[in-house]
Amino acid sequence: MRLTLHVWRQANSAARGGMVTYQLDDVSPDESFLEMLDKLNEQLIERGEEPVAFDHDCREGICGSCSLMIDGIAHGPDAATTTCQLHMRRFRDGAEIYIEPWRAKAFPVLRDLITDRSAFDRVIQAGGYVSVNTGSAPDANAVPVPKADADAAMDAAACIGCGACVATCKNASAMLFVGAKLAHLARLPQGQAERRMRAKRMVEQMDAEGFGACTNQLECEAVCPKEIRVSVIAAMNRDFLRSSVF
Amino acid sequence: MNLDPKIPAGDLADKWDNHRFRLKLVNPANKRRYRIAVVGSGLAGASAAASLAELGYEVDCFCFQDSPRRAHSIAAQGGINAAKNYQNDGDSVYRLFYDTLKGGDFRSREANTYRLAQVSVQIIDQCVAQGVPFAREYGGHLANRSFGGAQVSRTFYARGQTGQQLLLGAYSALSRQIGAGKVTMHVRSEMLDLVVADGHAKGLITRDLVTGAIRRHAADAVVLATGGYGNVFYLSTNAKGCNVTAAYRAFRRGAGFANPCFTQIHPTCIPVSGEHQSKLTLMSESLRNDGRIWVPLRHGDKRPPNEIPDAERDYYLERKYPSFGNLAPRDISSRSAKEACDEGRGVGESGLGVYLDFRDAIRRLGRDVIEQRYGNLFHMYAKITAEDPYQVPMRIYPAVHYTMGGLWVDYNLMATIPGLFVIGEANFSDHGANRLGASALMQGLADGYFVLPYTIGDYLAQSKPGAAHVDHEAFIEAESAVEKRIAALLAIGGRRSVDSFHRELGRIMWEYCGMARTDAGLRRALEEIPALREQFWSDLRLLGGADSLNVSLEKAGRVADFLDYGELMCRDALARTESCGGHFRVESQTDDGEAKRDDEQFAHVSVWEHRDGDEPVMHKEPLTFEYVHPSVRSYK
Ligand SMILES: Cc1cc2nc3c(=O)[nH]c(=O)nc-3n(C[C@H](O)[C@H](O)[C@H](O)COP(=O)(O)OP(=O)(O)OC[C@H]3O[C@@H](n4cnc5c(N)ncnc54)[C@H](O)[C@@H]3O)c2cc1C
Ligand code: FES
């Protein structure tokens, strides 16, 4: 395959960035999107140009490192798929592809396609846990958890923290991310004691980080590689309201 | 080199209890005066950092990713073992201990392995209390599945994302301590050297991967939880960033490296599809519960799999190992797949593949059940290969997956450098020459939650808090060594990219130090690796500078260490002329092609010591078996 790539290049967070166009030949349809970028980088190095920096690690769709806007869509055209799991057979020969970083105030660009997503970590640090010290747990089967609850908790817990939901949202809202963590713990008996406090703290931190409000456009759900449902946002709002009422 | 394993006295079942009683304690009010550096935020590092902070220590935690939640542990799929015996199928601490020791082909310590089995039970309790959504039965109790090398059902799982859920549990505990100010988290920070002052590990040197700043960090003890070295093979199931640098730098500073040649080749990975391949994808071993492995009976049978009748298929694991069948341990399954392919019966375009077939399971249980159990794995397979595993059998082939070797540690998980502790995959301690499935997660969390927090106190109680200072000459020397090395890499100015060197090293390692190793091959590798290293240091092209985000520079440092480390692995593989577990020396096999162990000569841990400007020397820690008599490992 032959491709024309338009890639965002930016030297560091203070520098001005811009799109640069590259021609890439000999791409195999069996390559993953990141392997295609590897190939581009090899060519750039050969030509004496600095390679394009992008985040990645597992390349299995689970670590949440990879993060690209591909033709304006977070993680590209395939549903339920991270960038690292996207394959070039999805594109046609001769295609032009636009590749940009996540765009959100809370995720500043560090270089090229790499952004700083530490705001997500700080939201979890504010309350996204069950307070239980090592060693103080009762027997694991002491409290039965209905299978349906365990399954629903797992659906929400599948979030990989990639930030696609924020990147795709016009308001850069992090509600899908925060809602997923709250829904995960709220469905389990272990999460009950701190349920309202957790919602309050995480939502406050989310606001402090500069994430926007949710206006129900549902774009986050559409791009989420783990198919987290927007129903977690409604549940989050309920818990948050209760926490402030009482 | 002092290799006293410090195994406590007493009966096997009482050793850990006795030991915990004898360990010195740090006064609770004093704990906050001790600073501990934990390098790594995977299952081992995150669980340790959180638990140490809960106890009251001041903790610094480091990872090279942008968030501790992205450590490679996140990728583990299949499950975690524990001797809960919830299924009432005859499991016990002793059985898990025995299976682990036997699975490791009697090349690990009895006492360590037993302790691992003991604390496994607490791990599950802890994780459930954190909110880890393990799979459940309709009655609300925890579900289990079986895994290779075991005849009981003791593996706990969260769909095909067990590692993710366990890591998110540990990450949440860690986040709570970061929020409370007890852990200072350093993300995008890579450890480039260990600082040893007056014979004790007293800190580390890191590079800030965003700004390039080199920093000194002083500590009262250093914990390495930096994972395994599988990426020395370039292609492996490990995440792209996994590296040996932290462990190798510690080795250079005097820490013994144990059994570096012990690597695990996992039998069920998606075969290589072409030159562009950047990593290999694991298909969880749990698939072997329901999938049947086969190749055509006839050589060169190129018919599509569904057109090959049962009578013309060879379900070779079921045939050769009737009692374990498709659940034979990993080393055995991998070698059998290689044999079938070497005989010309491999499938797929390259001929390097075997079938993993779900046809019978789908008929027996229905598509829904299979989808429930393995949906995400099937999805991933279809994405990568563009084939539908519900319709045609998966094609799989062995790939490098896990490393049993690692820094040598005693029963307290302390390396040969006092004050340096090593946990998780980075140490060598519990899996001998082959690790059983679902036991790495168990070991990482055992070390981090339930072993290290006790044993490190014993060391700290005997040292004065805050003794290390970043102005000590050892820090200055280490920092300047790091800076010089970075400058040297940037100054080469050659023509070849880092990746091209890494690929070539990987090819040498896979060819000569992979699934089957020979004297001649290893000797060849020991010539090719130094030659490649020389080329690397004269022909590397590295663009950009030292004081900005520079991905190629990060890679170059790691590949430079792999080039040294690969040589150490080959030396170790050459010295161990027996076959055991994942280490198969072609010269040492039985008449029917099974690995032939040599307990007379090799019932020991090989521990390598670095010598500046000279070849490393090997020391031995003898392994003695008081409770289990090493037998010929049979899974027939
Ligand atoms: C695809 C796959 C599936 C697996 N499935 C299973 C399974 O089902 N069951 C099972 O038991 N095991 C499984 N394993 C094995 C298991 O996942 C690993 O052995 C285990 O997670 C390792 O954990 P760890 O904490 O030791 O290291 P890791 O999780 O690898 O963490 C290493 C940490 O160290 C940091 N680090 C490394 N080097 C440096 C440095 N120089 N400076 C700073 N930080 C550094 C990293 O940032 C990271 O935080 C699987 C492995 C793979 C590859
Ligand atoms: S690289 Fe890990 S999710 Fe894509």
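The alpha carbon centroids of segment B:9-25 and segment B:335-353 are separated by 49 Å.
Only lysines eight or more places from B:Lys24 in sequence, or on another chain, were considered; those with a Cα closer than 17 Å are B:Lys6, B:Lys15, B:Lys464. Taking Rh as the Kirkwood radius, which is the inverse of the mean 1/r over Cα pairs, what is the Rg/Rh value for segment B:267-398? Rounded to two decimals, Rg/Rh equals 0.93. The phi torsions of segment A:91-98, fed into the Karplus equation with coefficients 6.51, -1.76 and 1.60 and a -60° offset, translate into couplings of 10, 9, 4, x, 5, 9, 10, 9 Hz, rounded to whole numbers, with Gly and Pro shown as x. Loop only by DSSP, 16 or fewer other Cβ within 10 Å of the Cβ. Give me the GluC sites (Glu not before Pro) in segment B:319-367 that pass, ordered by residue number. Loop-located and lightly packed - B:Glu343, B:Glu349.
Rounded to the nearest 5, the antiparallel percentage of DSSP beta bridges internal to segment A:3-110 is 75%.
In summary, segment A:3-110 shows an alpha-carbon radius of gyration equal to 1.03 times the 2.2 N^0.38 Å reference for compact globular proteins. Looking at segment B:21-111, which chymotrypsin sites (Phe, Trp or Tyr not before Pro) are DSSP coil and have at most 12 other C-beta atoms within 10 Å of their C-beta? Here no loop site has a sparse enough neighbourhood. Distances between every pair of Cα atoms in segment A:67-199, grouped in 10 Å steps from 0 to the bin holding the largest one, split as 11, 33, 28, 18, 8, 2, 0 percent. Electrostatic tally near A:Met236: other residues with Cβ closer than 15 Å to its Cβ, Lys and Arg +1, Asp and Glu -1, net +4. Could you work out how far the C-alpha centroid of segment A:1-76 sits from that of segment B:560-636, in angstrom? The two parts, judged by their Cα centres, are 42 Å apart.
Database remark: amide H of B:Cys580 closer than 5 angstrom to the amide H of B:Arg585 (H placed geometrically; neighbours at sequence offset of 5 or more, or on other chains; Pro and chain starts carry no H).
Just checking the listed ones, A:Lys170, A:Lys147, A:Lys105: in the Gaussian network model of chain A with Cα springs under 10 Å, the one fluctuating most is A:Lys147. Looking at the protein assembly as shown, the DSSP beta bridges with both ends there are about 70 percent antiparallel. Phi-derived couplings, Karplus 6.51 cos²θ - 1.76 cosθ + 1.60 at θ = phi - 60°, listed residue by residue for segment B:588-604: 10, 9, 7, 4, 9, x, 8, 4, 10, 7, 10, 5, 4, 9, 10, 6, 8 Hz, with x used for Gly and Pro.
At q = 0.05, 0.10 Å⁻¹, what is the log10 ratio I(q)/I(0) for chain B, with the Debye formula run over Cα points and no solvent? Debye curve over Cα of chain B, log10 I(q)/I(0) at q = 0.05, 0.10 Å⁻¹: -0.21, -0.87. Can you tell me which of A:Pro77, A:Pro144, A:Pro101 moves the most in a GNM of chain A? Springs connect C-alpha atoms under 10 Å apart. Of A:Pro77, A:Pro144, A:Pro101, the Gaussian network model singles out A:Pro144 as fluctuating most.
Every Cα-Cα pair of the protein assembly as shown was included, and the share exceeding 43 Å stands at 26 percent. The antiparallel fraction among DSSP beta bridges confined to chain A stands at about 75%. Net charge of the neighbourhood of B:Asp410, taken over other residues with C-beta under 12 Å away and scored Lys/Arg +1, Asp/Glu -1, is -1. Backbone amide hydrogens, once placed in the peptide plane, bring B:Thr263 within less than 5 Å of B:Met404, excluding anything fewer than 5 places away on its chain. Across segment B:332-345, coupling constants 3J(HN,Hα) worked out from phi with the 6.51/-1.76/1.60 Karplus curve, θ = phi - 60°, read 5, 5, 5, 5, 5, 5, 4, 4, 4, 6, 4, 6, x, 9 Hz, and Gly and Pro carry x.
Looking at the P(r) of segment B:115-262, how many percent of alpha-carbon pairs lie beyond 29 Å? Every Cα pair in segment B:115-262 considered, those over 29 Å come to 36 percent.
Taking a Cβ cut-off of under 12 Å around B:Lys338, the surrounding Lys, Arg, Asp and Glu residues balance to a net charge of -2, with basic ones at +1 and acidic ones at -1. As a test of understanding, state the convex hull volume per residue of segment B:15-149 from its alpha carbons, in Å³. It is 160 Å³ per residue. Over segment B:479-601, the Kirkwood radius and the radius of gyration, each from Cα atoms, give a ratio Rg/Rh of 1.12. All distinct Cα pairs of segment B:364-506 go into the 1/r average, and the inverse of that average, the Kirkwood radius, is 20.7 Å. Measuring between their Cα centroids, segment B:237-302 and segment B:401-428 lie 21 Å from each other.
Under a 5 Å amide H cut-off, with hydrogens placed 1.01 Å from N, B:Val38 pairs with B:Asp60, B:Cys61, B:Phe62, B:Val223 among residues at least 5 apart or on other chains. In the structure displayed, which of A:Lys200/B:Lys240; B:Lys31/B:Lys555; B:Lys302/B:Lys338 lie more than 27 Å apart, Cα to Cα? In this structure, A:Lys200/B:Lys240; B:Lys31/B:Lys555 exceed 27 Å between Cα atoms.
Readers should treat all values here as calculations from the given coordinates under stated rules, not as data from a laboratory. Since this is a predicted model, take the numbers as computed values, not measurements. Cβ atoms come from the backbone with ideal geometry, glycine included; neighbour counts cover every protein chain shown.
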